[in-house]
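These notes are about the structure you will find just below.
Laboratory data are not the source of any read-out in this text; all were calculated from the coordinates shown. None of the values given here were measured: they were computed from a predicted structure. Methodologically, a virtual Cβ is constructed for each residue, glycine included, from the backbone with ideal geometry; neighbour enumeration extends over all protein chains shown.
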Amino acid sequence: MCENGLALVFAQEQDSIASGFNASQAFEGDIDEIVLYDEVPDDSEILADYNSY
């Protein structure tokens, strides 16, 4: 749950604001890892993260 009380949804998109979700458009697969940043990383930080796996 996000600090503002809203849900954070991965692998799904809404076609318009507050329209809900369509099960036929859902991602089917595995998401191994998600990284959330509280500020925008610069290019070198992104590359370092990418190369660390």
Once semi-axes √(5λ) of the Cα gyration tensor in Å is worked out from the coordinates, which option in (1) 29, 15, 12; (2) 27, 16, 11; (3) 20, 10, 9 does it equal?
(2)
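Using unit Cβ charges (K, R positive; D, E negative) and no other charged atoms, how large, in debye to the nearest 20, is the dipole of the chain about its Cα centre?
Numbers: 0 positive and 13 negative charges, 67 e Å.
So the dipole magnitude of the chain works out to roughly 320 debye.
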Potential lengthening between Val9 and Asp32 on full extension [0.36 nm per residue; Cα-Cα distance subtracted]:
6.7 nm
